[in-house]
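Here the structure is laid out as structure tokens; the discussion comes afterwards.
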Amino acid sequence: MPDFTYDALNRTGSKTTGTIAANTEREAAMALDAKGLFPTRIALARTQAATGGFFSRVSARNLATFYSQLADLLQTGVPLLRSLELLERQSTNPKLQAVVREVRGKVADGTGLAQAMAQHPSVFDELAVSMVKAGQEGGFLEDVLKRISVFVEHQEDIKAKVVGALAYPAFLALAGFLVLNILVIFFVPKFAPVFEKLKEKDDLPGLTMALMAFSDFLRSWQGFVVGVLAVVGFVAFVRWTRGNGRVWADRVRIRLPLFGKVFLALALSRFTRILGTMLHNGIPILRALTIAKDSTGNRVLTAAIEKSAENVTAGEKLADPLRKSGYFPPDVVEMIAIGEEANTLERVLIDISDSLEKRTARQLELMVKLLEPIMLLVMAGVTLLVVAGLLLPVFKMGQTVGG
């Protein structure tokens, strides 16, 4: 049973604070009333609140399991409150357990499940909340929860494939960066005394001079300051792209060479799969578009879909405004148009999603195959420049001695 902190007034009007154990805020209020206290504030104890943090996060796998188990319990006839209580008890994730406890408390107080979930955006995203709300309104909550579970697991599998595909090229890039820094910072300075005579004669090759200057810069306080500023700037840029610069970052992401097509295909596959699922469950197309637009994870595409929904409201077919947006590939738009004409749009959208995911998998595989030799060539080229910068003066000194 969770603890709630409270501020209350007693019969004399004096303020009092404390902690009380109860299943919900309503039970806590009733218990305080029985003690002759009038509560002015009741909240879940901070130690049990679902606070965020790196070591207290809810993974996609945890969420998929939660959605699936909740759907199973509801399908077998277990009431929602009882189902949430069971899932709270058996949860092994502290944050998810605390969140489910709060959600159960809100539901017990009369709040809808979707509204209670919406109060925890760090755990339940907008798409899940919208789908749950649609499921409640349409009377197919169990089916929606099951589909959310499948969708979350599916997206996690795709993410794992992408990360796995890019792991080796990323390792090569990191290894190359470390090797270059070790060579320039620790190895190059040992040759400085050897090149001193050539430097005095102004006979030191330009490549070697540039290499020595770069080494001195990295080893000085200026190099350290520049490195720190670069890290701070990168962190600030990442935060900006997640806040005020989100639209700009999303636009750039889908226009990147090579990777842009992959990001666009993944976003569109999510959208078409969710839209197809909503239509399959009997949700009207406008309501389905309102829910599915958030699944892209890209503000630019979301805005384009919103504009398309406005045109659909005006009586147009969905394919026409999507074509005009310029973000949907011609083959995808053509399949949507055929699906609308044949009245099989929900099935066609799922087929489009499957096709886009297969296409993305092939593109990723090809890109990774190209990235590996490119990274190796870059590493070899940089290493060759460093070695050449060190050996050119040695050759020149040898020619001078030989002459």
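Tell me whether region 202-218 contains one or more residues that are of a type in the set (S, T, N, Q) and either touching a helix residue (DSSP H, G or I) at 6+ places or on another chain (Cβ under 6 Å) or surrounded by 13 or more Cβ atoms within 10 Å (Cβ to Cβ) (or both).
Step one: list which residues in region 202-218 are of a type in the set (S, T, N, Q), which gives 208, 215.
Going one step further and asking which of them are either touching a helix residue (DSSP H, G or I) at 6+ places or on another chain (Cβ under 6 Å) or surrounded by 13 or more Cβ atoms within 10 Å (Cβ to Cβ) (or both), we end up with 208, 215.
Yes, that holds for at least one residue.
Among the strands (runs of 3 or more DSSP E) lying completely within region 1-83, list those that include at least 3 residues that are loosely packed, with under 14 Cβ neighbours inside 10 Å and at pLDDT below 85. Working first, answer last.
Working: elements: 3-9, 15-21, 38-44.
In region 1-83, 15-21, 38-44 are the strands (runs of 3 or more DSSP E) which contain 3 or more residues that are loosely packed, with under 14 Cβ neighbours inside 10 Å and at pLDDT below 85.
Among the residues in region 156-174, are any at pLDDT 80 or above, part of a helix (DSSP H, G or I), β-branched (Val, Ile, Thr) and under 30 Å from Gln136 (Cβ atoms)?
No - not one qualifying residue is present in region 156-174.
Of all residues in region 296-321, which are within 20 Å of Gln155 (Cβ to Cβ) and among the small types (Gly, Ala, Ser)? Steps first, answer last, please.
To start, the set of residues in region 296-321 that are within 20 Å of Gln155 (Cβ to Cβ) comprises 296-302, 305.
Of everything in region 296-321, just one residue is within 20 Å of Gln155 (Cβ to Cβ) and among the small types (Gly, Ala, Ser), namely Gly297.
Failed condition for Leu87, given (1) within 18 Å of Gly135 (Cα to Cα); (2) surrounded by 13 or more Cβ atoms within 10 Å (Cβ to Cβ), with all others met?
(1)
Please indicate, with yes or no, whether at least one residue in region 189-196 is farther than 25 Å from Phe271 by Cα, surrounded by 11 or more Cβ atoms within 10 Å (Cβ to Cβ) and modelled with pLDDT of 80 or more.
Yes: one or more hits.
Please go through (1) touching a Ser or Thr at 6+ places or on another chain (Cβ under 6 Å); (2) modelled with pLDDT of 85 or more for Arg270 and return the number of the only condition it doesn't satisfy.
Every listed condition holds for Arg270 apart from (2).
Write out, first by first residue and then by second, each pair whose Cβ atoms fall under 7 Å of each other, whose residues are 6+ apart or on separate chains, and whose first residue, in region 350-363, is on the phi < 0 side of the Ramachandran plot while the second is small (Gly, Ala, Ser) and exposed (fewer than 15 other Cβ atoms within 10 Å of the Cβ).
Close Cβ pairs (under 7 Å, with a partner that is small (Gly, Ala, Ser) and exposed (fewer than 15 other Cβ atoms within 10 Å of the Cβ)) do not exist here.
If only one of Leu256, Leu229 is modelled with pLDDT of 85 or more and over 22 Å from the mean Cα position of the chain (by Cα), which one is it? Full working, then the answer.
Details: Leu256 fails: over 22 Å from the mean Cα position of the chain (by Cα).
Only one candidate passes the filter, namely Leu229.
Are any residues in region 316-343 within 18 Å of Gly260 (Cα to Cα) and assigned to a helix (DSSP H, G or I), and if so, which ones?
We begin by selecting, within region 316-343, every residue within 18 Å of Gly260 (Cα to Cα); these are 325-332.
The answer is Ser325, Pro330, Asp331, Val332.
The values are calculated or read from the model by the stated rules, or taken from the named source; none is laboratory data. What you are looking at is a predicted structure, and each value in this text was computed from that prediction instead of being measured. Positions of Cβ are backbone-derived with ideal geometry, glycine not excepted, and every protein chain shown enters the neighbour counts.
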